[in-house]
Amino acid sequence: FADEAAGEPYGLGRVGALSQEMPLTDFAEFVKERLSCGRVAVCDARRAVKSAAVCSGSCDEEILRAAVSSGADTLVTGEIKHSLMIEALRAGVNVVAAGHFATENVVCPVLLRQLSERFRNVEFRLAEAGVSPMFFI
């Protein structure tokens, strides 16, 4: 994860503190609403949410280790393997998995703006579909 205090502004994810502690179920609902996804998967380590590590896409061992090392009590990601969910729970870290599309799509407008500003002679466009190709029954 990025450690801005150590002069590392970029990394695989970010860690942030909530302005006030929330029960995990309320936090999961907040994530679902903010990412406009139909559902989230939740692993409950029996902790309230005070700080969250966030990493879009798929969580791997390195990301989980970084989240645990950061001291975050909750990890928000796109997806996570079953074995890593068990590791997260053993480490006392809640997990909220909101899907690849939902966790990645939110950064596309920001990337479009940054790329367009940096490479003015190149035209960048967002995909027109703007929806996940997957649905749940």
Next on the checklist: Cut-off 10 angstrom, C-alpha nodes, Gaussian network model of the chain. Which of 45, 127, 66 fluctuates the most?
Outcome noted: 127
Next on the checklist: In the chain, if the dipole is taken from +1 on Lys/Arg beta carbons and -1 on Asp/Glu beta carbons about the Cα centre, which of 126, 76, 19 is farthest to the positive end?
Outcome noted: 126
Checklist entry - How large is ³J(HN,Hα), in whole Hz, for each residue of the range 24-32 in order, when computed from phi with the Karplus curve 6.51 cos²θ - 1.76 cosθ + 1.60 and θ = phi - 60°, using x for Gly and Pro? => result 4, 5, 5, 5, 4, 4, 4, 4, 4
Item to check | Shape category assigned to the range 29-98 from the gyration tensor of Cα positions, a/c cut at 1.5 | outcome: prolate
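Classify the range 21-63 as rounded, prolate or oblate from the Cα gyration tensor: take a ≥ b ≥ c as the square roots of its eigenvalues, call it rounded if a/c is under 1.5, otherwise prolate when a/b beats b/c and oblate if not.
oblate
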Checklist outcome for this item: Computed for the range 64-137: size of charge dipole around the Cα centre, +1 on C-beta of each Lys and Arg, -1 on C-beta of each Asp and Glu, debye to nearest 20, value 160
Checklist entry - Longest segment of the chain with no chymotrypsin sites (Phe, Trp or Tyr not before Pro) in a DSSP loop having at most 14 other Cβ atoms within 10 Å? => result 11-118
Checklist outcome for this item: Scoring the chain by relative contact order with C-alpha pairs under 8 Å, at least six apart, yields a percentage of 22
Item to check | Vicinal HN-Hα couplings computed from phi for the range 10-21 (Karplus, 6.51 cos²θ - 1.76 cosθ + 1.60; Hz; Gly/Pro x) | outcome: 10, x, 6, x, 9, 10, x, 9, 7, 5, 8, 4
Item to check | Magnitude of the charge dipole, the chain, Cβ model with Lys/Arg +1 and Asp/Glu -1, debye to 20 | outcome: 140
Checklist entry - Any idea how far apart residue 112 and residue 18 come out in nm if each label point goes 7 Å out from Cα toward Cβ? => result 3.1
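Assuming R0 = 22 Å, can you tell me the calculated FRET efficiency for the pair residue 136 and residue 47, based on Cβ-Cβ distance, to the nearest 0.05?
Details: r = 27 Å, r/R0 = 1.23.
About 0.20, to the nearest 0.05.
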Item to check | Label-to-label distance, nm, for residues given as residue 119 and residue 25 (7 Å Cα→Cβ offset) | outcome: 4.7
Checklist outcome for this item: Asserting the computed 222 nm helical MRE of the chain (DSSP H runs at least 4 long, -39500 (n - 2.57) per run, divided by residue count, to nearest 500) equals -10000 deg cm²/dmol
Checklist entry - Heavy-atom accessible area per residue, the range 33-137, 1.4 Å probe: how many Å²? => result 66
Next on the checklist: Please return the longest range in the chain lying between exposed loop sites, taking GluC sites (Glu not before Pro), DSSP loop only, at most 13 other beta-carbon atoms within 10 Å, and leaving the sites out.
Outcome noted: 1-122
Checklist outcome for this item: Of all DSSP beta bridges having both residues in the chain, the percent classed as antiparallel (nearest 5) is 45
Checklist entry - Which residues' amide hydrogens lie under 5 Å from the amide hydrogen of residue 74, considering only partners 5 or more residues apart or on another chain, with H built in the peptide plane? => result 51, 53, 94
Item to check | Helix axis angle, 61-70 relative to the chain longest principal axis, alpha carbon, degrees | outcome: 70
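The values are calculated or read from the model by the stated rules, or taken from the named source; none is laboratory data. Because the structure is a prediction, the values reported are computed rather than measured. We place every Cβ from the backbone using ideal geometry, glycine too, and count neighbours over all the protein chains shown. The accessibility values were calculated without ligands, DNA or RNA, using every heavy atom of the protein model including side chains. Shrake-Rupley method; radii C 1.70, N 1.55, O 1.52, S 1.80 Å.
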